[in-house]
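This report concerns only the one structure given below.
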Amino acid sequence: MDAGVRQHDEMKDLLTKSALELLALIRGRELSPVELVQASLDALERSQSTINAFVRSTPELAVAAAREAEREVMAGRPLRALHGLPISVKDLIALEGYPLTYGSQTMKYNVAKFDAPTVERLKAAGACIVGKTTTSEFGCKVAGDSPLTGITRNPWNLEKTPGGSSSGAAASVAAGVTPFALGTDAGGSIREPAAFTGLFGIKAQFARVPVFPPTAAPTLSHVGPIARTVRDAALLLEVIAGFEARDPFSVAEPVPKFLDACDQPIRGMRIAWSPTLGFAQPSREIVAICERAAKAFETLGCNVELVEKVLDEDPADIWSAEFYGGIRTRFAQQYRESRELLDPAIVATLDATADEPLTSYYAKVFRRYELRDRMRLFFGRYDLLLTPQTPLPAIDVGVNVPPQYAGRNLCSWLFYAYPFNLTGQPSASVPTGLTHDGLPVGLQMVAKVNGECDIFRAAAAFERAFPFPHRRST
């Protein structure tokens, strides 16, 4: 391997390739892991002044891992699943020895004392971590900004947000810094940024991917991939999924073969298409784009049925009680003692989250159980549910709640996302087209409990038939 021989433009082209394509080049000794990681770090630095996707780059960590990966290639040793591939980790996930700031000025000196299980698995699989990506403060809102790191911008349009809270993860992948990234999702924080930036993002079955240390919303939170292709996400999910004793919810069954599922046929799948779930308020353009995508599954041999009302009520109050109540409890000291350092929009939201009597809280818990059972019965009739992922395309930077949704909180205007954090079902955003302004639109795919393979086979078939919109690169 002859590192450093490729020209700048050639390296930029390399960074638009999928993770699986890059792996094949590394295995064939056509691409040096050191060269690839350096190109990723260069792209990170080039994009930082405009996109601002990273809290901290970790070149020493990435280059050391790349050198080890290259030694193994040259020695003819068996290569690992993510051998020599650059990747980033969201700043809500622990990376030993590096900042774990949660996007907050109050935590800017906090350093992780150990690796999260997902980070351990990335390292063991040969991945090269190039940096920690930005998040909204405590992962609390859709807009991709925080008091600590400022505004993260969308590579498709720098005046738009890439979404949140996995803002830097999505922005950096869309910009071509890495082929995929690790994000988190407690109410749409993987799927919404993926939709806003023309990427595929999936939260698997709840606890399929272990989460440790526990988050502020432990019964809602997921860690998962954001990627440019469905297969890259499947590859990454296979690596980070699997039982972990430190996570009390962890799924103990063997990890499904997600990559194999991408090649399985979808003819005969029973698909429900719901424009609103019964309560959402999307734009007409979003519905039109997603409806075309849903109907396209008929041309792929699926049975598609319109279902106007999937849910009897909007479960936003159930989700908000669990999520914002958890944030207010977990970060109580910061909330009480350092309010002036916190994002004012988040302070206002936490202020509005009143302490609930136990009877009121548990009434919501039981409604959550009812919601889960309703969806269990629903998926007795269908293999997949399709909806828009977001009610609007990417909104302007600096906007927390779009004017037409005044009265909703920082996350509850994402009508389609949080219901499936409450149920824990697998859910993914698939890029499906562009608005008249050239902004990406995501189609949400929801599967039955433990049904990620149905998402992967349907998403991969859709990707083959209708290639995703062009992604921007640095």
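Structural remarks
- Hey, F456 of a type outside the set (S, T, Y), modelled with pLDDT of 95 or more, closer than 16 Å to Q205 by Cα and crowded, with 24+ Cβ neighbours inside 10 Å or not: yes
- With respect to the stated conditions, A81 is under 24 Å from the mean Cα position of the chain (by Cα), farther than 30 Å from R330 by Cα and surrounded by fewer than 24 Cβ atoms within 10 Å (Cβ to Cβ).
- Members of segment 60-78 that are buried (at least 20 other Cβ atoms within 10 Å of the Cβ) and either within 30 Å of C140 (Cβ to Cβ) or acidic (D, E) (or both): A62, E70
- Residues (closer than 18 Å to L443 by Cβ, in a loop (DSSP other than H, G, I, E, B) and among the hydrophobic types (A, V, I, L, M, F, W, C)) located in segment 283-313: L300, C302, V307, V310
- On inspection, V347 passes the criterion of being assigned to a helix (DSSP H, G or I), more than 18 Å from S427 (Cα to Cα) and touching a helix residue (DSSP H, G or I) at 6+ places or on another chain (Cβ under 7 Å).
For (1) at pLDDT 95 or above; (2) out of contact with any Ser or Thr (no Cβ under 6 Å at 6 or more places or on another chain); (3) farther than 30 Å from P162 by Cβ; (4) not acidic (D, E), each residue gets a yes or a no:
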{"position": "D355", "(1), (2), (3), (4)": "no, yes, yes, no"}
{"position": "R376", "(1), (2), (3), (4)": "yes, yes, yes, yes"}
{"position": "F379", "(1), (2), (3), (4)": "yes, yes, yes, yes"}
{"position": "T387", "(1), (2), (3), (4)": "yes, no, no, yes"}
{"position": "P391", "(1), (2), (3), (4)": "yes, yes, no, yes"}
{"position": "P402", "(1), (2), (3), (4)": "yes, yes, no, yes"}
{"position": "N409", "(1), (2), (3), (4)": "yes, no, no, yes"}
{"position": "W413", "(1), (2), (3), (4)": "yes, yes, no, yes"}
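- Looking only at residues in segment 372-403 that are in a helix (DSSP H, G or I) and surrounded by fewer than 20 Cβ atoms within 10 Å (Cβ to Cβ), the one that is nearest to the chain's Cα centre (by Cα) is R372.
- S338 meets the conditions (1) touching a helix residue (DSSP H, G or I) at 6+ places or on another chain (Cβ under 7 Å); (2) buried (at least 18 other Cβ atoms within 10 Å of the Cβ); (3) in contact (Cβ under 8 Å) with a residue 24 or more places away in the chain in every case but one. The failed one is (2).
- Some residue of segment 314-323 being assigned to a loop (DSSP other than H, G, I, E, B), surrounded by fewer than 22 Cβ atoms within 10 Å (Cβ to Cβ) and either touching a helix residue (DSSP H, G or I) at 6+ places or on another chain (Cβ under 9 Å) or on the phi > 0 side of the Ramachandran plot (or both): yes
- Exclusive hit being more than 20 Å from G164 (Cβ to Cβ) and buried (at least 24 other Cβ atoms within 10 Å of the Cβ), set A428, A447, A417, A465: A447
- Test result for L36, part of a helix (DSSP H, G or I) and in contact (Cβ under 8 Å) with a residue 40 or more places away in the chain: yes
- Qualifying residue in segment 178-193 (condition: part of a loop (DSSP other than H, G, I, E, B), in contact with a Leu (Cβ under 6 Å, 6 or more places away or on another chain) and either modelled with pLDDT of 95 or more or closer than 23 Å to P388 by Cβ (or both)): yes
- For segment 315-335, residues that are in contact (Cβ under 8 Å) with a residue 40 or more places away in the chain and closer than 17 Å to V365 by Cβ total 12.
- Screening segment 159-177 for residues that are aliphatic (A, V, I, L, M) and in a loop (DSSP other than H, G, I, E, B) and picking the one that is farthest from A43 (Cα to Cα) gives A175.
- One residue alone among A174, A207, A170, A194 is without any contact (Cβ under 8 Å) to a residue 60 or more places away in the chain and aliphatic (A, V, I, L, M), and that residue is A170.
The rows are residues; the columns are (1) in contact (Cβ under 8 Å) with a residue 40 or more places away in the chain; (2) part of a loop (DSSP other than H, G, I, E, B); (3) surrounded by fewer than 21 Cβ atoms within 10 Å (Cβ to Cβ).
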residue: G103; (1), (2), (3): yes, yes, no
residue: T106; (1), (2), (3): yes, no, no
residue: T118; (1), (2), (3): yes, no, no
residue: K123; (1), (2), (3): yes, no, yes
residue: I129; (1), (2), (3): yes, no, no
residue: A143; (1), (2), (3): yes, yes, no
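- Enumeration of residues in segment 404-424 that are part of a loop (DSSP other than H, G, I, E, B) and not aliphatic (A, V, I, L, M): G407, N409, C411, S412, W413, F415, Y416, Y418, G424
- Considering the conditions (1) of a type outside the set (G, A, S); (2) at pLDDT 95 or above; (3) farther than 19 Å from A174 by Cβ, L22 is excluded by exactly one of them, (3).
- Residue match in segment 283-292 (condition: crowded, with 19+ Cβ neighbours inside 10 Å and in contact with a helix residue (DSSP H, G or I) (Cβ under 8 Å, 6 or more places away or on another chain)): no
The values are calculated or read from the model by the stated rules, or taken from the named source; none is laboratory data. On a predicted model such as this, the values are computed, not experimentally measured, just so you know. Cβ: placed from backbone, ideal geometry, glycine included. Neighbour counts: every protein chain shown.
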